[in-house]
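A quick write-up on the structure given underneath.
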Amino acid sequence: MAYASVALTLLVAGRGSSGQTVEQMRADQIGRLQTYVLDAVLPSGLVRDSLVLSPSVGHFHPATPDAAGFALMALSAFDHLDTMNDAADVVESILSAYNGSTPGVTPDRSADGHYVHFMNTATGAKQGGGWDESYSPIGSALLVSGAQFAKKHFAGNPAIATLADQITDSIDFNAAIHPSLNGGIYLDMTKQGGGAGGAVNPWNEYMLVESLALRQENNDRAVAVKHLWYNPANVPKKSFAGSVTLTDNPAAYAPAFWVQQSQFFNGDFRGDPKFQRLLANHQQADSDYAATTLTEPYRYGLTAGVVPNGYHADRMDDHPSTVLTPAAVSAWGDMQTLLEWYQEQDPNSDARYRYGLTRESLDDPSWKPYDAGLVDHLFLLFGIVENIDAGFFAERLFDALQPGDYNLDGVVDGADYTVWRDNQGSTTNLLADGNLNGVVDSGDLLVWRQNFGEGVQVGSARSTTAPEPGLLWSWLALVCCWRSGRRP
């Protein structure tokens, strides 16, 4: 569907923005961000991690898998908004490159499929030269999430579907779960396979790795730690002015991108009311902190990105040079605040605004960021697109896991009761841990009962084998007895 509001022409050069409307701001920023994404996609199909903002300096950053994931979702958005005619072709070129199907392009990957963080922009080989040479589970997860998002958006395009599935099936996300089963997920993977070095513990953006691991056939580690990532009662939290926020360390707040990335990339996060409440809490805390601690009347959004002395994951109580970003405000969906920022930061007043609104330092108002990474800057686009079409991301993310679906086939039926029955009392095989308390117990039977019959998608590609008539009647009788309060 095309949206006429985004087809508005860009502002006339030199014209101030103080009189602009939300609609005009959105159109201007979408046009600039589309140029940004297309400049990031290389002839090889690989995607630069960051772009230099000044037009007088050449781009030099290597390619990354995470930038590709963000670009795939952005291109789907441009197609949806009818601002780009060949978006499907660009998507296919990206997927082909990262799949290793483009002649001359062979991305460097670990034995379990994870992509090297920084790769040569022409060949996909390890970049070297001091750039991070680790194999990245979160970068690989963002690529897969973006690929599956594009597959849903461009439904009916067999080339995109095949390439997206080939990339997805080639990565072992379960291998990134720490074998101690304490909830840790490796930051890096080794070339020969398996994790290396440190791990991150719940809760942060690595929930996406856990979500994708759960959808694999080999998912034993992911199943064992699911309750540590999916149950907010089991993870650290920190409050500001009464707003409870998720974090991985009760001594420190989280940067905004942890929940914002989850909102736009992770169907499990997006489909869970508990996490949606915590998303809103984080926005409120971010805004309250800016207003009270920083005495900043409207700009807020402490998240990762460039700062005057490098790069930093900004958060409450930890923000060098007090850099705030319109990308975070946009991702919160606060278009009125974004418009105020836009009216102050006239997009035609500096050539470095050519790719959209940029980060600002309260400590040094004259500072302008040198570059902008796709994984930070494109939240500006995502928030604007969602403001235009509230269902765009929700309808294209992978489906959230259905409560009570213990065999993970998308339907809550008698087969899931069998999984629960066969694992009662287990604290190791937690497929049937529906209430996420770390043990398979009677509470999980209640979750199954309350959701019995959910998840059947009429007309979808998903199908299940019909049970034998005798078993079906037994299951229905069982459910009817429980729903009426009688013992079977």
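The values are calculated or read from the model by the stated rules, or taken from the named source; none is laboratory data. Since we're looking at a predicted model, the values are computed, not measured. Heads up, the Cβs are rebuilt from the backbone with ideal geometry, glycines too, and the neighbour counts pull from every protein chain shown. Remember, those area values only see protein heavy atoms, side chains included, never the ligands or the DNA or RNA. Shrake-Rupley method; radii C 1.70, N 1.55, O 1.52, S 1.80 Å.
Just report the Cα centroid separation between segment 179-252 and segment 155-177, whole Å.
22
Say R0 is 35 Å: what FRET efficiency, to the nearest 0.05, do Ala159 and Ala241 get from their beta-carbon distance? It would help to have the intermediate numbers written out before the result.
On the way: r = 50 Å, r/R0 = 1.44.
Taking R0 as 35 Å, the efficiency between Ala159 and Ala241 is 0.10.
Roughly how many debye, to the nearest 20, is the charge dipole of the chain about its Cα centre, given +1 on each Lys and Arg Cβ, -1 on each Asp and Glu Cβ, and no other charges?
Roughly 540 debye for the chain.
List the aspartates and glutamates whose Cα sits under 16 Å from the Cα of Lys368, skipping any in the same chain fewer than 8 residues away.
Counting by Cα, and skipping residues close in sequence, Lys368 has these aspartates and glutamates nearby: Glu344, Asp346, Asp350, Glu360, Asp376.
If you stretched the chain out fully between Asp86 and Thr35, how much longer would it get, using 0.36 nm times the residue separation minus the C-alpha to C-alpha distance?
Full extension from Asp86 to Thr35 adds 17.0 nm.
Please express the shape of segment 37-101 as an equivalent ellipsoid: the semi-axes are the square roots of 5 times the eigenvalues of the C-alpha gyration tensor, given largest first in whole angstrom.
19, 16, 9
If I stretch the segment between Thr295 and Ala351 completely, what's the gain in nm (0.36 nm per residue apart, minus their alpha carbon distance), one decimal?
Full extension of this stretch gives 17.2 nm more.
How much mean residue ellipticity at 222 nm does the chain get from its helices, if each DSSP H run of length 4 or more adds -39500 (n - 2.57) and you divide by all residues, to the nearest 500 deg cm²/dmol?
Value at 222 nm, helices only, nearest 500: -12000 deg cm²/dmol.
Using the eigenvalues of the Cα gyration tensor, what equivalent ellipsoid semi-axes result for segment 117-174 when each is taken as the square root of five times the eigenvalue, whole Å, largest first?
Calculated on Cα positions only, the semi-axes equal 25, 13, 9 Å.
Run the accessible area of segment 56-174 with a 1.4 Å probe and give the carbon-and-sulfur part as a rounded percent.
Carbon-and-sulfur percentage of accessible area, whole number: 49.
Can you give the Rg/Rh ratio of segment 179-326, where Rg is from the C-alpha atoms and Rh is the Kirkwood radius? If you can, show how the numbers build up before the last one.
Numbers: Rg = 16.3 Å, Rh = 16.3 Å.
Ratio of gyration radius to Kirkwood radius for segment 179-326: 1.00.
Using Cα positions and a limit of under 22 Å, work out the lysines in reach of Lys191, with same-chain residues fewer than 8 apart set aside.
By straight Cα distance, Lys191 reaches Lys126.
Using a 1.4 angstrom probe, figure out how much accessible area segment 309-392 has per residue, in square angstrom, rounded to the nearest whole.
On a per-residue basis, segment 309-392 sits at 33 Å².
I'd like the accessible area for Ser56: 1.4 Å probe, protein heavy atoms, all chains in place, Å² to the nearest 10.
100
Could you compute the net charge surrounding Pro320? Neighbours are other residues with a C-beta less than 9 Å from the C-beta of Pro320; K and R count +1, D and E count -1.
Net of charged neighbours comes to -3.
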